[in-house]
1. Any idea how many residues of segment 1-40 are touching a helix residue (DSSP H, G or I) at 6+ places or on another chain (Cβ under 6 Å), farther than 10 Å from Gly109 by Cβ and modelled with pLDDT of 65 or more?
2. What about Leu91, is it crowded, with 16+ Cβ neighbours inside 10 Å and modelled with pLDDT under 75?
3. How about segment 29-51: which of its residues are under 24 Å from Pro100 (Cα atoms) and either among the acidic types (Asp, Glu) or within 12 Å of the chain's Cα centre (by Cα) (or both)?
Amino acid sequence: MYKEKRWDAKQFIASGGMPSSHSATVTALAAGVGIIEGFGSSNFSIALILASIVMYDAFGIRLHAGKQAEVLNQIVYELPEEHPLSDSKPLRELLGHTVPQVIAGGFLGVITAVCVFLINQISGRTFDF
């Protein structure tokens, strides 16, 4: 809304943007596992590796795929009208995240996990798995 000056509800489920919801989700998972099972547990290690892969994918591979889509869309846009690809549907350009978006998502995930843990502690709930 800030950038485009209009509300777009599709952005809640779309790829890209600030903060990275993928990064927030996997860091919340890793932080939650670390808080409950301990940061030295094998489950925390697995969650941390999963988070690292997802976050790397978000700012690495998917970001570059989006940049390639932007270039391809520009090429197709400049094709003459008689070309068979001139009327093809544009590729999605906003696929990945910048490093600050991934870091912000990571912070959001950790903060969320800690808040949920503290709320459960205050309410007296225990975690029995």
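1. Looking only at that region, the number is 4.
2. Details: crowded, with 16+ Cβ neighbours inside 10 Å: no; modelled with pLDDT under 75: yes.
Here the answer is no, as Leu91 does not meet what is asked.
3. Residue satisfying the conditions is Ala51 alone.
The values are calculated or read from the model by the stated rules, or taken from the named source; none is laboratory data. Source: prediction; values computed, not measured. Here the Cβ is made from the backbone with ideal geometry for all residues, glycine too, and neighbour counts use every protein chain on show.
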